[in-house]
1. When the helix-only estimate is applied to the chain (DSSP H runs of n ≥ 4, each -39,500 (n - 2.57), divided by the residue count), what is the mean residue ellipticity at 222 nm, nearest 500 deg cm²/dmol?
2. List the lysines whose Cα lies under 20 Å from the Cα of LYS80, skipping any in the same chain that are fewer than 8 positions away.
3. Ignoring ligands and nucleic acids, what accessible area does VAL3 show with a 1.4 Å probe (Å², nearest 10)?
4. I'd like the FRET efficiency for HIS21 and LYS87, computed as 1/(1 + (r/R0)^6) with the beta carbon distance as r and R0 of 35 Å, rounded to 0.05.
5. Take every Cα pair under 8 Å in the chain that's 6+ residues apart, average their separations, divide by the length, and report that relative contact order as a whole percent.
6. Note down the magnitude of the dipole of the chain about its Cα centre, charges +1 on Lys and Arg C-beta and -1 on Asp and Glu C-beta and zero elsewhere, to the nearest 20 debye.
7. Of the candidates GLU67, GLU30, GLU55, which one comes out as most mobile in a Gaussian network treatment of the chain with C-alpha springs shorter than 10 Å?
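The values are calculated or read from the model by the stated rules, or taken from the named source; none is laboratory data. Just so it is clear, the model here is predicted, and its values are computed rather than measured. When we count neighbours, we look across all protein chains shown, and the Cβ atoms used for this are built from the backbone with ideal geometry, even at glycine. These accessible areas exclude ligands, DNA and RNA; they are computed on the full protein's heavy atoms, side chains included. Shrake-Rupley method; radii C 1.70, N 1.55, O 1.52, S 1.80 Å.
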Amino acid sequence: MNVHNLMEDIVKSCLKDLMLHQQQVSDLNEKLQSDIIAIALNHLPPKYVSTDQGEVFAKTQLRAQVETDVYRELANAIEKVLKFSRKSELG
């Protein structure tokens with residue numbers, strides 16, 4: 001197994017949850033969603049694993065511990081992306 005940042009999985013999963021409940025987020029195209037993920041990840045600490053066993057353990061323990069921080073950073077990233085995309089549309 002390669003080294004993997006579990007925080008990326010958690011951020012993507014939380015963004016999917018937000019997309020189910022927030023119309024403004026669900027309407028964003030794939031590029032803007034990727035921008036949101038990148039911005040959020042840049043403000044969150046990485047959580048690396050290198051084994052399948054470590055991944056299973058970390059996924060069960062880690063998400064509950066960091067979920068509040070992830071949603072906060074996603075909200076900040078969404079705000080930035082929406083603000084930038086509106087400015088781009090206006091010219």
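1. -27000 deg cm²/dmol
2. LYS12, LYS16, LYS31
3. 100
4. About 0.85, to the nearest 0.05.
5. 43
6. With only Lys, Arg, Asp and Glu charged at Cβ, the dipole is about 220 debye.
7. Among GLU67, GLU30, GLU55, the largest mean-square fluctuation in the Gaussian network model of the chain belongs to GLU30.
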